[in-house]
Amino acid sequence: MENGAERQGRSLAPAVTRAAAILDLLAERRGRAASLAELARGLGLAKSSVSNICNALVDAGLLHRTPEGFGLGRRLVGYAEAYLAGADIVREFHEACRERVDCQEETVQLAVLDETGLEVVYLARRDGRHPVVLASQIGRPLPATTTATGKAMLAELPPEELAARLQAAGPLPRLTGESITDSDQLRRDLAAVRERGYALDSGETLEGLLCLAATVPGTATRGQAAALSFTG
């Protein structure tokens with residue numbers, strides 16, 4: 001992965017690029033703060049440069065200071081909510097969940113597939129009358145190869161695109177003992193998805209959970225494929 005200095009070299013606004021890189025690094029830490037030295041080392045930048053940008057981000061509410069260094073700021077939540085509110089598919093998801101009786105019992109989730117890789121990101125969730133503990137969180141990426149939503153969307157990719165994504169991704173992740181880590185086995189599983197019309201995650205992401213998912217018709221033609229899942 002390129003460091004902050006490399007990205008800055010071709011950026012029209014180096015300070016903005018560095019700020020985005022700091023936010024990206026902290027997002028990858030999943031809530032764990034990072035010291036100034038850790039940020040500078042991770043981005044390949046001088047501590048003085050990182051300090052100036054972090055202080056500016058703190059003033060803007062995008063970061064906050066902690067005893068360990070810096071963490072993501074609460075203002076980012078407002079940006080995330082504003083983005084999701086403007087996404088039509090999220091509104092449609094919540095409207096459908098309110099209207100349909102079959103969405104009241106189990107946990108329903110909406111996810112999209114990464115544009116080039118093998119990850120899914122969950123955009124929305126509605127808990128049913130039988131809530132469950134999930135590995136997924138809104139905005140958090142998970143492997144497409146272990147999740148029902150991910151496999152539903154991977155099954156609809158052209159074979160050459162699927163092959164390119166698998167080759168670029170390297171070894172498939174193992175989250176539980178049931179996770180598929182062999183690419184040939186994954187292809188067989190995706191063939192079964194295409195045949196029956198829905199995907200399964202039987203303890204592949206989190207032990208003890210069964211998840212069924214299918215793609216949302218028409219979303220691929222709108223720019224990004226999406227899938228719905230039911231978990232119990």
- Quote the accessible area belonging to residue 94 in square angstrom, nearest 10, computed with a 1.4 Å probe and with ligands, DNA and RNA left uncounted. 60 Å²
- Check residue 216: other-chain or 5+ apart residues with amide H under 5 Å from its amide H, H built from backbone geometry? 226, 227, 228
- Message: Just to confirm the number: angle between the C-alpha axis of helix 183-196 and the first principal axis of the chain, 0 to 90 degrees, nearest 10?
- Response: 50 degrees
- Mind jotting down the distance between the C-alpha centroids of region 31-91 and region 140-169, whole Å? 29 Å
- Message: Out of the total accessible area of the chain (probe 1.4 Å, heavy atoms of protein only), what percent is carbon and sulfur?
- Response: 53 percent
- Task: Go through region 43-124 and name the trypsin sites (Lys or Arg not before Pro) that are in a DSSP coil and have 14 or fewer other Cβ atoms within 10 Å of their Cβ.
- Result: 74, 100
- Message: I'd like the orientation of helix 75-86 relative to the chain: the angle between its Cα long axis and the longest Cα principal axis, in ° from 0 to 90, rounded to 10.
- Response: 40 degrees
- Query: Given just the C-alpha atoms of the chain, how large is their convex hull per residue in cubic angstrom?
  - Reply: 156 Å³
- 5 angstrom amide H check on residue 124, placed H, neighbours 5+ away: 110
- Message: Using only the alpha-carbon atoms, how far is helix 159-169 inclined from the longest principal axis of the chain? Give it as 0 to 90 degrees, nearest 10.
- Response: 40 degrees
- Message: Please compute the per residue accessible area over the chain with all protein chains in place, 1.4 Å probe, rounded to a whole number of Å².
- Response: 55 Å²
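The values are calculated or read from the model by the stated rules, or taken from the named source; none is laboratory data. These numbers were taken from a predicted model, which means no experiment stands behind them. When we count neighbours, we look across all protein chains shown, and the Cβ atoms used for this are built from the backbone with ideal geometry, even at glycine. Accessible surface areas use protein heavy atoms only, side chains included; no ligands, DNA or RNA. Shrake-Rupley method; radii C 1.70, N 1.55, O 1.52, S 1.80 Å.
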